[in-house]
Amino acid sequence: MKNTIKKLYGHLVLTAGLGLCMGCVDMDLTPLDQGDSGSIWENPTMAEQTINGVYNTLYYGYNDAWLGWWDCWSSMMDLDANWIGGFGPLLGNNTSSNDRGSNRWWKVYYQGIFRANDVLINMPNVPDMEESTKSRLMSEARFLRSFFYYRLNALYGNIPYYTMAVIDPDETRDAEQLTQDQMWDKLITDLTLCIDDNDFPDIYKSSDNDYGHVTKSAAYALRGMIHMWKKDFPGAARDFEAVKNCGHSLYTDSGSDSYRQLFKLANEHCEEMIFSIQCTDADDWASSHHKNKHYGSRTLPNDGSGVGIGWTNYIINPRFVDSYENADGSPFNWDDYLPGYSSMTPTERAVYFYRNNLTETEIENARANGADMSRYLPDGNEARILKAYENRDPRLAASIVTPYSTYSGGFTGSSMGYTYRFPYRTLHAPEYDYATDITAMAYYTNRKFVGEGMEIVTTYSAVDLPLIRYGQILLLWAEALNEMGEMDAAIEKVNEVRTRAGAQPLNSNAYTQVSGKEDLKERIMKECHWELLAEDVVFFDELRWKTWKDLKFAMTDDKDPIRDADGNITGYGPTKVNGMAQWWGRVTYSYSWGGDNYWILPIPANAVQIDHLKQNTGYN
């Protein structure tokens, strides 16, 4: 089946015309083919391959961690402190419209749009090609263009809708900017054309030769997501039901372990997957988004340099980890396991996370860092903290490497368990500590998608990256039904997801009893976070829900000690609690909310100038 995927992404053929696609996008699209534009569209085989160039745009960005994947924008995850520079919309910089958070994604998505437009303009005139093939390929291009516009519209709003394939860089244009709602209407029209295309298949089975190409089920799913933005909940519910009727379902073949196994190579083509970035076993077409390199650890197979191949550039936020419920559905509370925990400062409660049998040097270092070592248990510290992670929602253990849990690594050339202890000593015998590339800090790292043991022995991963899957659609469907007043039906959808994961179903006990529409809405939003971590989709829902500000930038009144040069406490000051933090909540860096303009990104300066676009409010 990977041969099919290589055919889809490996043969990247672009038209010569795309090499001129500049202007507001400001990119290099030098063609990779050897012919001119005319010869491509006169040859049905070459013309059919042009769709690959549109798909290829999906891949860009997931091979470059510097772009900042969308989960690090969400409340769930943070970017390594060494890489955060340039992300103005997270750091309180109101003026930058050319940083990685603005210019690059404008460039990426408009690149895909112009490539799709090239297909839509030229495909109808290709000779000696079946009309049904033309129609299907045009629906694929129209869907992909809609997906790119969907992302742009959610991120920027007020964007131009282009239907041309080539922009003359010397031409001055007055591009019409559509409001966010106007753009949603355009995309609904485009996706309806895909859905009404009789040559566009409902779904491909994993054995189908064209598996990996988008289908009608993806168009229903994306149109339903847009209906959610427009608050057309009946329209959304109808589309999500159509996704089910196309043949999609939750993956349950691995029983109680199905959630964890869903993200393994063996199940990447199961019927839960609706729209995925197809990755291969070749480095150029693999993903660094979830490859060992950026979601991994140093305990992964040795690359010959003396260290494991994994990096840990994306860090799970402790506040998000604390949101995972107990196994019975009750809210997790640190004070239930460590009485008085919440009244301690983050630096003081670090004591609970230290390994057993610290050396004298390690004890002195811990005390100097502010830990309340009067509470340290030399022989019981590890067992005490482990209890806080036992009997939680099973997706916590399946998704995140938590303190003193074991991870199967392959550093030695064979599978063996490494334990995540702090402070780190060595990944070699006799300790076999779980190692990150930031061992001086204690951060939550990703388990989901990362190879175990000798499962993946390269710095890249061939596991497909799902962009839309049926578990996500079920939760969106539940949200729509709840907004329509159909609470019982909504609960059924949520319980499909919770039951597959092994979580306590809603309305099964006092803790999971739903008290009304607003309570269920809150539960569904939390469910999306627990279910969809590391899949780069929840950030767009946080924007739609208007919860992003409170979740990502929230502050509390916690106090942290102020120390003199000798380490003595001289007073207490306010503690920032948002941003990247260690297990016990001590913040490495924080975010700053720059104003309500932050709900959308600044339009890149070159697009404003060349296309005479109006800059978004607050960024002039």
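Stretching K526 away from D596 to a fully extended chain increases their span by 22.8 nm, per 0.36 nm per residue minus the current alpha-carbon distance.
Each residue of region 339-345 is assigned a 3J(HN,Hα), and the resulting list reads x, x, 4, 5, 8, 8, 6 Hz, derived from the Karplus form 6.51 cos²θ - 1.76 cosθ + 1.60 (θ = phi - 60°), x at Gly and Pro. Taking a Cβ cut-off of under 12 Å around I203, the surrounding Lys, Arg, Asp and Glu residues balance to a net charge of -2, with basic ones at +1 and acidic ones at -1.
The residue among N616, M484, S590 whose Cα reaches farthest toward the positive pole of the charge dipole of the chain, with charges on the beta-carbon of Lys, Arg, Asp and Glu, is S590. Amide H contacts under 5 Å for R469: I274, restricted to partners 5 or more places along the chain or on a different chain, H placed in the peptide plane at 1.01 Å from N.
Report, in debye and to the nearest 20, how large the dipole of region 512-558 comes out about its Cα centre when Lys and Arg carry +1 and Asp and Glu carry -1 on their Cβ.
My answer is approximately 220 debye.
Can you list the aspartates and glutamates whose alpha carbon is less than 16 Å from that of K517, not counting same-chain residues fewer than 8 positions off? Once the sequence-local aspartates and glutamates are set aside, what remains near K517 is E479, E483, E486, D488, E492, E527. Separation between the S207 and E241 pseudo-spin-labels, each 7 Å from Cα along Cα→Cβ, expressed in nm? Result for the modelled spin labels: 3.1 nm.
Each Lys or Arg adds one and each Asp or Glu subtracts one; over the other residues with Cβ under 11 Å from the Cβ of A154, this totals 0. Simple point charges give the picture: +1 on the Cβ of Lys and Arg, -1 on the Cβ of Asp and Glu, and for region 127-227 a dipole about the Cα centre of about 460 debye.
Treating r as the C-beta distance of E364 and T406 and R0 as 30 Å, the FRET efficiency rounds to 0.55.
R0 = 22 Å: FRET efficiency of V457 with T426, Cβ-based, nearest 0.05?
Working: r = 22 Å, r/R0 = 1.00.
The pair V457/T426 has a calculated efficiency of 0.50.
Annotation: amide H of S592 within the under-5 Å range of L91, G92, sequence separation 5 or more or interchain, hydrogens built in the peptide plane. Nonpolar atom fraction for the chain, defined as the carbon and sulfur part of the 1.4 Å probe accessible area, stands at 47 percent. Name the shape class, rounded, prolate or oblate, that the alpha-carbon gyration tensor gives for region 467-531, where a ≥ b ≥ c are the square roots of its eigenvalues, rounded holds for a/c under 1.5, and otherwise prolate holds if a/b is larger than b/c and oblate otherwise. Oblate, because a/c is 1.5 or more while a/b does not exceed b/c. Taking a straight line from the alpha carbon of K244, these aspartates and glutamates sit under 12 Å away, with near neighbours fewer than eight places off in the same chain left out: D202, E271, E272. All other residues whose Cβ lies under 14 angstrom from that of G413 are scored, Lys and Arg at +1 and Asp and Glu at -1, for a net of -2.
For the pair D303 and D379, a Förster radius of 51 Å applied to the C-beta separation gives a FRET efficiency near 0.85, rounded to the nearest 0.05.
For the chain, the antiparallel share of DSSP beta bridges with both residues in that region comes to about 90%. Pairs over the 29 Å Cα-Cα cut-off, from the set K107/K134; K231/K448; K264/K549; K205/K546: K231/K448; K264/K549; K205/K546.
The values are calculated or read from the model by the stated rules, or taken from the named source; none is laboratory data. These numbers come from a predicted model, not from an experiment. A quick note on method: Cβ atoms are made from the backbone with ideal geometry, for glycine too, and the neighbour counts reach across all protein chains shown. Heads up: the accessible areas ignore ligands, DNA and RNA and are worked out on the full protein's heavy atoms, side chains in. Shrake-Rupley method; radii C 1.70, N 1.55, O 1.52, S 1.80 Å.
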